[in-house]
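Worksheet: the structure to be examined is printed underneath.
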Amino acid sequence: MEDNIRLTVIGIQSNAEDNDPIELQTTGKWFNKNNKEHIIYTDHQLIDTQPTKTRVSIDGSNVSVIRSGGINTHLVFEQGVSHIIPYETSFGILEMVSYTKEISLTVTKTTIELKVIYNLEINHTDMGENIFHISATRLDD
């Protein structure tokens with residue numbers, strides 16, 4: 001399956017010192033399978049030498065983000081629910097706890113927009129509120 005979307009992924013961490021959004025623009029794949037929306041893209045910016053393949057699956061109020069390659073993790077977002085997530089880094093595995101405050105999804109024939117607002121704790125340290133935002137548009141056929 002060829003890339004069929006141009007997407008922008010924005011991450012904002014309110015507790016970060018510089019508080020600047022991290023933005024990635026790339027192409028990827030978007031499809032619906034078993035009544036779930038799926039977005040797949042490769043992030044070449046996370047790790048200097050090894051790309052990270054990311055798969056976002058959206059099933060109603062549940063969002064799953066699986067990353068493999070440079071970073072390996074499986075994030076689960078479910079509105080009003082906390083999840084414990086092992087987060088593998090080159091320095092070892094960190095324990096993350098996410099609490100999802102809000103999930104919003106808008107889908108049309110040509111666009112998909114996902115926004116997840118969540119609180120994050122890493123190794124028992126509050127990292128504040130975070131936003132994960134994907135905006136994608138189908139490429140011309």
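The values are calculated or read from the model by the stated rules, or taken from the named source; none is laboratory data. Treat the numbers as computed from the prediction; the structure is a model and nothing was measured. Here the Cβ is made from the backbone with ideal geometry for all residues, glycine too, and neighbour counts use every protein chain on show.
The table for this structure:
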| quantity | calculated |
| --- | --- |
| Qualifying residue in the stretch 108-115 (condition: more than 18 Å from Val9 (Cα to Cα) and touching a Ser or Thr at 6+ places or on another chain (Cβ under 8 Å)) | no |
| Filter result (part of a strand (DSSP E or B) and touching a Leu at 6+ places or on another chain (Cβ under 8 Å)) within the stretch 116-125 | Ile122 |
| Among the residues listed as Ile112, Ile93, Ile103, Ile47, the single one being modelled with pLDDT under 90, part of a strand (DSSP E or B) and on the phi < 0 side of the Ramachandran plot | Ile93 |
| Phe91 being touching a residue at least 24 places away in the same chain (Cβ under 8 Å) and either closer than 26 Å to Thr125 by Cβ or in contact with a His (Cβ under 6 Å, 6 or more places away or on another chain) (or both) | no |
| Single unsatisfied condition, Lys36 versus (1) modelled with pLDDT of 90 or more; (2) buried (at least 16 other Cβ atoms within 10 Å of the Cβ); (3) within 22 Å of Glu2 (Cβ to Cβ) | (2) |
| Qualifying residue in the stretch 67-83 (condition: surrounded by 13 or more Cβ atoms within 10 Å (Cβ to Cβ), touching an Asp or Glu at 6+ places or on another chain (Cβ under 8 Å), small (Gly, Ala, Ser) and not in a strand (DSSP E or B)) | yes |
